[in-house]
Amino acid sequence: MYAKEFQESLKAVEEAREANIAYEPARMTAKEKEDLLAAYHPDYKKDQFEELKIGPNKGEKVPKELCGILEARSRIRPGDVDLNNPKYDVDVLVIGGGGAGASAAIEADTAGASVMIATKLRIGDANTMMAEGGIQAADKPNDSPAIHFLDAFGGGHFAAKRELLSKLVCNAPEAIQWLNELGVEFDKAPDGTMVTTHGGGTSRKRMHAAKDYSGAEIMRTLRDEVLNRGIPVIDFTSAVELILDESGKAAGAVLMNMETGDLSVARAKTVIIATGGAGRMHYQGFPTSNHYGATADGLVLGYRVGAKLLYAETLQYHPTGAAFPQQIFGALVTEKVRSLGAKLVNRDGKVFMHPLETRDVAAASIIRECSDRGEGVQTGDGDAVWLDTPMIEKIGGEGTIEKRIPAMMRMFGSYGIDIRREPILVYPTLHYQNGGLDINVDGMTTSVENLFVAGEAVGGIHGRNRLMGNSLLDIIVFGRNAGQNAAARSKKTTVGTLTLDHISKFDAEREAAGIETDVVSPMLLPDYTRKKSEV
Amino acid sequence: MENMVNVYLFGKQYRVPENLTIMRAMEYAGYKLVRGCGCRNGFCGACATIYRIKGDKTLRTCLACQTKVENDMYVATLPFFPLVKEVYDINEISPSQRVMMQLYPEIYACVGCNACTKACTQSLNVMQYIAYAQRGEFDKCAEESFDCVMCGCCSSRCPAGISHPQVAMLARRLNGKYLAPKSEHLENRVREIKDGTFTELIEALMGKPIEELKELYNTREIEK
Ligand SMILES: Cc1cc2nc3c(=O)[nH]c(=O)nc-3n(C[C@H](O)[C@H](O)[C@H](O)COP(=O)(O)OP(=O)(O)OC[C@H]3O[C@@H](n4cnc5c(N)ncnc54)[C@H](O)[C@@H]3O)c2cc1C
Ligand code: FES
C-alpha cells in the first residue's frame with residue numbers, strides 16, 4: 001500500500017492502464033538514442049572521470065573512484081609474507097567463488113589439474129547468485145548465433161572484440177546444455193522446449209530462465225558440483241596481491257583471511273581472476289544491485305602487475321532499480337518484468353518510452369524523465385518513475401507474476417506492496433562493470449602470461465554496454481574456457497622464483513608521477529558502519 | 001527526527017531508526033560485517049537470523065537483509081550452520097528413491113513436527129518437500145523447494161537432524177538432469193554448430209566494416 005502522497009499519481013497510472021497496455025510506443029532512432037545518452041547517461045558526465053597517471057592504461061580516463069583505487073598503495077609490504085613457504089601449492093588458482101570461478105574450477109578439475117578456489121565471502125556469495133532474468137543462447141529454429149552476434153555487437157555500441165563475442169555466441173547453446181546436464185532446471189514447456197523471452201535489445205526471444213532465480217539456480221548447482229568434486233574452497237579469504245615469478249609470469253597470490261587478517265601465500269602455475277564486478281564502489285553516488293563484495297578487486301590486482309584494462313570507463317546502470325521503499329533502495333527489479341509486459345510510466349500515467357530499449361538508453365530516458373522533464377514521482381529519496389506491474393497479469397493472465405517472477409513478488413511483498421495489483425517505483429541503479437581486464441580468446445590477459453580472467457572482471461566481450469542475459473552466458477562460456485586453458489598451460493609451466501617486486505615498482509611509478517595517496521587497495525568490502533559524524 | 005526503536009543485538013541494547021532492516025541496524029550500531037552478509041538482497045542465505053520479540057515466547061527466523069527491525073527485538077545471527085552435504089557423482093546416480101535412502105536416510109526419521117516449515121525464511125512448505133523426497137517424487141520436491149536460499153534456518157530447528165536444503169538441492173539436480181523433458185531444439189543447435197552450419201555466416205559478420213554492421217543492426221527484424 002502506498003501512502004497518500006502517491007495516490008494522485010497512482011490514480012493516473014491506473015486510469016491509463018488499459019490504454020497503455022494496448023499502446024505500442026515507437027523505438028528510438030539511432031540518432032535519438034545517441035543524443036539521449038550524451039545528455040543523460042552517467043558515463044557521459046565528464047567531471048566524474050579522471051585520467052590515470054600510471055600503469056598500463058596511463059592517459060586514459062576512468063571513473064574517479066576507480067582511478068583512486070587503481071593508483072592506490074598495496075595492502076602489504078613484500079616482507080610481510082614468506083614467498084618460499086607457500087601454504088597452498090596448486091596448478092590452477094581461482095580467485096573468486098562466483099559463477100565464473102566455479103565454472104573454471106570444474107573444467108580445470110576435469111582436465112586433471114589440481115585447482116583451488118579462494119573467495120572473499122562464501123562460495124556463491126556473489127553477483128551470480130543474484131541474477132534473476134536469465135541467460136541468452138540462440139537455440140531456437142528462428143534464431144542463430146549470427147543474429148545473436150549482431151544483437152550483442154550493436155547493443156555494445158559496436159565496440160566488442162569480435163573474436164570474443166563470436167566465441168560467446170557460438171558456445172552459448174553448448175553452455176546451456178552443459179548446465180542442464182549438471183542438473184540446472186530451466187523453464188521448459190511440457191515437450192521440453194525452452195521457455196524463452198525477449199530482453200532489452202534482443203531481436204529474438206532467446207532468454208532462458210529458471211523463474212526469476214536464474215542465477216541462483218545456476219550458482220547453487222555449480223557450487224554443489226565444486227563440492228562434489230572435492231575442489232578445495234578457501235572461503236573468507238581474499239587475494240590482496242598477485243605474485244609473479246622472476247620471468248614475469250603470474251605464479252600465485254597473497255591471500256588474506258577476512259576475519260583474522262592473517263596472510264598466506266598460494267603458489268600456482270596459472271592464476272584465474274574471477275572476482276566479478278564493482279557495484280559497491282558506488283560510482284557517482286549511485287545505489288547498487290550488486291553483492292557486498294563487488295569492489296573491483298580483480299581490476300586492481302591485475303593492473304598492478306601490468307595487465308591492461310579495456311573499457312573500464314563504461315558502467316551499466318540498470319534502468320530499474322527499486323526506488324521505494326527505502327529498505328530495498330537500489331535492489332534490482334529484473335528486466336524480465338518488462339519482458340513480461342510491464343511498461344514504464346511517468347507521474348502523469350504516460351508511457352514515455354518503449355520498455356525494451358537497451359539498458360543504457362532506458363536508464364538515460366528515466367533520468368531525463370526525472371530531471372529536465374520533471375515528470376518523476378517524489379519518493380523521499382529522490383525521483384522515480386512507475387513500472388506498471390499489474391499489466392503483466394492482464395496480459396499473461398492471473399498467476400503469471402507468481403509463476404514467473406516470484407522473487408520480485410516476495411521482495412515487494414515484504415514491504416506491503418502487492419505487485420500484482422500495484423505498480424512499483426524505479427530509478428537506475430549501478431549494476432554491471434562493462435569493462436575490465438583485456439583478454440585474448442584463450443582467456444589469458446594480453447600482457448601478463450599465465451594470468452587468466454573470466455566473468456565480470458573481463459572487458460571487451462560485450463563492448464561498451466552489455467545486454468541482459470549475456471553476462472550469465474559469458475561467465476559460463478569464458479569461465480569454462482579459462483579453466484580449460486589454464487589447466488592445459490599449467491602442464492607446460494614450471495614456476496620460477498616467486499617475487500612481489502611489482503609492488504615497489506608501482507610505488508616508484510606513483511611517486512614519480514607525483515601522486516600522493518593514503519588509499520590502500522583492493523578495497524575488499526565497503527564500509528557501511530555509521531560514521532561518527534552522523535551521530 | 002526518525003522514529004527510533006530498541007533492538008538487542010546479541011543481547012546488547014541499541015537504539016536504531018525503525019525503518020532499517022536488521023542488517024542495516026547492525027551497521028548503524030557500528031558492526032562492520034564480514035560474515036552473515038552476502039548478496040544483501042535475499043538471494044544468498046548468508047544472513048540467517050533468529051529473533052524473539054520481548055514478551056513473546058515464539059522464536060522466529062528471518063533473513064536479516066529482508067526484515068525490518070521491530071521494537072524490543074532480540075537478535076542473534078546464524079552466519080554459519082553445519083548442514084550435512086553428502087557428495088555424489090551426478091553422472092553415476094539415478095533418480096530413484098534409493099538414492100535418498102543412501103545419501104540422506106535421516107529424512108525418513110522426520111517426526112512431522114513442521115518446525116522446518118515454520119522456520120522457512122522463504123515461506124516454503126519445507127516438510128512437504130521432504131515428504132516428496134521420501135517418496136522419490138523429485139519433480140515435486142524440486143518445484144516445492146525451488147525458491148530455497150539454503151540459509152539453514154529449517155535445519156537449525158529440526159529434531160531429526162535433517163539438512164533440508166541439501167536434500168532439496170539433490171532433488172533439483174536429479175530433476176533438472178534426468179526427469180525434466182529434453183530440449184530437442186537445443187541438442188539440434190549444438191550439433192549444427194559443431195557441424196559448422198553457422199561458421200560462414202559468423203565469419204562474414206566478423207569481416208564486415210563497422211558501417212555495414214551498423215546498417216544491418218539498425219534494420220534488423222525484431223521478433224514480436
Ligand atoms: C542483481 C543482479 C542481477 C543480474 N541479472 C542478470 C541476468 O538476469 N542475466 C545476466 O546475464 N546477468 C545478470 N547479472 C550479471 C551477472 O549476474 C554477473 O555479471 C555475473 O554473474 C558475474 O559473475 P562473476 O563470476 O564474474 O562474478 P561474481 O558472481 O560476482 O563472483 C565474484 C566472486 O569473487 C569474489 N571476490 C571478489 N574479490 C575477491 C578477492 N579479492 N579475492 C577473492 N575473492 C574475491 C566475490 O566475493 C564473489 O564471490 C545480474 C547481476 C546482478 C547483481
Ligand atoms: S545477505 Fe544474501 S540473503 Fe541476506
Filter result for B:T21 (at the interface with another protein chain (Cβ under 9 Å from one of its Cβ atoms) and within 26 Å of B:V149 (Cα to Cα)): yes
Would you check if A:R162 is facing chain B (nearest Cβ under 8 Å) and touching an Asp or Glu at 6+ places or on another chain (Cβ under 6 Å)? no
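Okay, residues lined up against (1) among the hydroxyl-bearing types (S, T, Y); (2) surrounded by fewer than 24 Cβ atoms within 10 Å (Cβ to Cβ); (3) within 14 Å of ligand 2 (Cβ to nearest atom):
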position: A:K120; (1), (2), (3): no, no, yes
position: A:G124; (1), (2), (3): no, no, yes
position: A:T128; (1), (2), (3): yes, no, yes
position: A:G134; (1), (2), (3): no, no, no
position: A:D139; (1), (2), (3): no, no, no
position: A:N142; (1), (2), (3): no, yes, no
position: A:P145; (1), (2), (3): no, no, no
position: A:F149; (1), (2), (3): no, no, no
position: A:H157; (1), (2), (3): no, yes, no
B:Y108 is checked against (1) within 20 Å of A:M411 (Cα to Cα); (2) loosely packed, with under 14 Cβ neighbours inside 10 Å and fails just one. What number does that condition carry? (1)
What number of residues within segment A:203-227 satisfy the criterion of being at the interface with another protein chain (Cβ under 7 Å from one of its Cβ atoms), at pLDDT below 95 and within 17 Å of the chain's Cα centre (by Cα)? 1
Failed item in (1) of a type outside the set (S, T, N, Q); (2) under 27 Å from A:E24 (Cα atoms); (3) free of Cβ contacts under 8 Å to residues at least 12 places away in the same chain; (4) within 16 Å of ligand 2 (Cβ to nearest atom), with A:R410 passing the rest: (2)
Could you count how many residues in segment B:30-52 are within 6 Å of ligand 2 (Cβ to nearest atom), more than 7 Å from chain A (Cβ to nearest Cβ) and among the small types (G, A, S)? 1
Being of a type in the set (G, A, S), modelled with pLDDT of 95 or more and either out of contact with any strand residue (DSSP E or B) (no Cβ under 6 Å at 6 or more places or on another chain) or surrounded by fewer than 17 Cβ atoms within 10 Å (Cβ to Cβ) (or both) is the filter here; which residues of segment A:374-388 pass it? A:G374
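Conditions (1) modelled with pLDDT under 95; (2) among the aliphatic types (A, V, I, L, M); (3) surrounded by fewer than 24 Cβ atoms within 10 Å (Cβ to Cβ); (4) not assigned by TED's automatic domain parsing to the domain that holds A:A488, marked per residue:
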{"site": "A:D235", "(1), (2), (3), (4)": "no, no, yes, no"}
{"site": "A:V240", "(1), (2), (3), (4)": "no, yes, yes, no"}
{"site": "A:A250", "(1), (2), (3), (4)": "no, yes, no, no"}
{"site": "A:G261", "(1), (2), (3), (4)": "no, no, yes, no"}
Please name all residue pairs, on different chains or six or more residues apart, with Cβ atoms under 6 Å, provided the first residue is in segment A:448-470 and is in the same structural domain as A:A253 (by TED's automatic domain parsing) and touching a residue at least 24 places away in the same chain (Cβ under 8 Å) and the second residue is away from ligand 2 (no atom under 16 Å from the Cβ) and of a type in the set (K, R). A:E449/A:K249; A:N450/A:K249; A:G460/A:K161
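The values are calculated or read from the model by the stated rules, or taken from the named source; none is laboratory data. What you see is a predicted model; the values in this text were computed from it and never measured. Using ideal geometry, Cβ is built from the backbone for each residue, glycine included, and neighbour counts are taken over all protein chains shown.
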